[in-house]
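Worksheet: the structure to be examined is printed underneath.
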């Protein structure tokens, strides 16, 4: 079974908790990402998503002055790198979480999204189907081969003339 460390992204973009929402939005746009892991004193303080920043806009906050700490999810769910993917997927589905920072000993190691897990599991399912189809093909070929031998022996026994009949 695969673990979080096998699928996580290690290049995590972080932001200080005091970063203005406008700066965070620009950074997310430049990096082509949907969230930032928010740090405070070198520790994970929360996570802020593009959707959180939309809330800032809809609530008519001044994005130049409003800190991302006002809109981040906190406390944030984190996961150690040795967690099984399936276990994390269950937690993420139950809590409706899309992204989870990966940490160990207080340090940020990476981030994993629900779509990362789904993509990996899709690949695993495809591999399992492929192996299963190969197994079926081998089993079917083997069974046909065994039937073929029995049929040959049966044919030979029917074709051979009994010993007491001479032509």
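The numbers here are math on the coordinates, done by the rules we state, and not lab data. From a predicted model like this one, the values you see are computed outputs, not experimental measurements.
For the range 1-77 and the range 80-106, compute the distance between their C-alpha centroids and round to whole Å. So the two Cα centres are separated by 17 Å.
So between residue 91 and residue 14, what do we pick up on full extension, going 0.36 nm a residue minus the alpha carbon distance?
On the way: separation 77, 0.36 × 77 = 27.72 nm, distance 2.33 nm.
Net length gain for the segment: 25.4 nm.
For the range 1-120, the equivalent ellipsoid derived from the Cα gyration tensor has semi-axes of 26, 14, 12 Å, listed largest first.
Length gained on full extension, residue 121 to residue 58: 19.0 nm, using 0.36 nm per residue less the C-alpha separation.
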